[in-house]
Amino acid sequence: MLGGRLLGLPLASIRHSRELGQAIVGLALGLTFSHDALLRTVTLAPWIAVAVAFAFLLAWVAMQLLRRLCPGLDPLTAWLVALPGGASEMTAIGARRGARSEWIVLGQSLRVLIVVLLYPGAFALFGHSAAPFATTLAPLGSSALPWLLPALALGALLQWRRIPNPWFIGPLTISLLLASSGTVNGSLPGGWVELAQLLIGIALGVRFDRQQMLAAPRFLAAFLASLACLLLLAVGGAWLLAWLAGLPPALAILALAPGGITEMCLTAKAMGLDVPTIIGFQLCRLVMVLLLAEPLSRWLAPAQARV
């Protein structure tokens, strides 16, 4: 899909494909939260707080580098491009405050795409093998279907209340409660997660437009350079976190990765890593970014505040 879009082909995704894919992933990942896994994640709360603070520091560094490499770029747009908060949410803040929305969408989407393509390949290159957290849960079969309806209903409710990532968080909440309480013990039927990956991949690929990318070559070059710096710092911080907290390095790298929560958790699941821990780090970071992105933008770029 990405290749076709960059060649100028008029490709489009299936309507609501990303939402359906996120709902399936949310259900699948929530089922990995046994009672022990939930307690294990809670004990990492201090390190999760450190990781959240580190994410804001990295965003500030990336913002400064982006502005230095792309003179004339306003601080608000640079800040909203650098934050790992999601394209739609950061664009909405930018639209309210007068930022360059098209550059925010491009930067946010491109960062997620590069991380999704780069991290699994890098792990394979360095010979990462499956960790001992790989799931051995038996498939639920048709018994999983009844839980899909309340999960989708909660997702719809969260979307109505304009909660970010509703179709991931809603199903995740339902399946997490069911799994951690012992009500349900199993995994989704075979093929469900693979279907979700296909739907999300299609939706991600069609976000890119050839003309949009060619229209801002200087910004694009500056963004790629700042992203390279951000990723190197994130990996370095992950190694330090792994050493201090006693975590597997691969798990710490994905926990601090500036990609989308859905995509990073899918990568963790495919690699047999501790998915609940990844969710804990990524979800807490996402919540804090969404809560603090706009207040911090008023401090970093006060001149662009609208009355």
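Taken as a whole, the condition of being at pLDDT below 85, surrounded by 22 or more Cβ atoms within 10 Å (Cβ to Cβ), under 20 Å from the mean Cα position of the chain (by Cα) and in a helix (DSSP H, G or I) does not apply to Thr277.
The residues of the range 47-95 that are outside any helix (DSSP H, G or I) and either at pLDDT 95 or above or under 16 Å from Leu231 (Cβ atoms) (or both), listed by number, are Leu83, Pro84.
Going through Ala293, Ala303, Ala238 one at a time, which residue ends up being at pLDDT 95 or above and either open to solvent by less than 30 Å² (accessible area, probe 1.4 Å) or in a helix (DSSP H, G or I) (or both)? Going through Ala293, Ala303, Ala238 in turn, just one is at pLDDT 95 or above and either open to solvent by less than 30 Å² (accessible area, probe 1.4 Å) or in a helix (DSSP H, G or I) (or both): Ala238.
Here is a yes/no grid of residues against (1) polar (S, T, N, Q); (2) out of contact with any Cys (no Cβ under 8 Å at 6 or more places or on another chain); (3) at pLDDT below 80:
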| residue | (1), (2), (3) |
| --- | --- |
| Ser101 | yes, yes, yes |
| Tyr119 | no, yes, no |
| Ala131 | no, yes, yes |
| Pro139 | no, yes, yes |
| Ser142 | yes, yes, yes |
| Leu148 | no, yes, yes |
| Leu152 | no, yes, no |
| Trp160 | no, yes, no |
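Of all the residues in the range 43-78, those that are under 20 Å from the mean Cα position of the chain (by Cα), farther than 23 Å from Pro295 by Cα and not aromatic (Phe, Trp, Tyr) number 2. In the range 162-182, which residue that is at pLDDT 85 or above and surrounded by fewer than 18 Cβ atoms within 10 Å (Cβ to Cβ) is farthest from the chain's Cα centre (by Cα)? Within the range 162-182, the match that is farthest from the chain's Cα centre (by Cα) is Ser181.
Does Thr267 satisfy the criteria of being open to solvent by 10 Å² or more (accessible area, probe 1.4 Å), closer than 16 Å to Leu118 by Cα and within 15 Å of the chain's Cα centre (by Cα)? So Thr267 passes the test.
Residues that are part of a helix (DSSP H, G or I), open to solvent by less than 20 Å² (accessible area, probe 1.4 Å) and at pLDDT 75 or above are absent from the range 183-190 altogether.
The values are calculated or read from the model by the stated rules, or taken from the named source; none is laboratory data. As the structure is a prediction and not an experimental result, all values here were calculated from the model. When we count neighbours, we look across all protein chains shown, and the Cβ atoms used for this are built from the backbone with ideal geometry, even at glycine. The accessibility values were calculated without ligands, DNA or RNA, using every heavy atom of the protein model including side chains. Shrake-Rupley method; radii C 1.70, N 1.55, O 1.52, S 1.80 Å.
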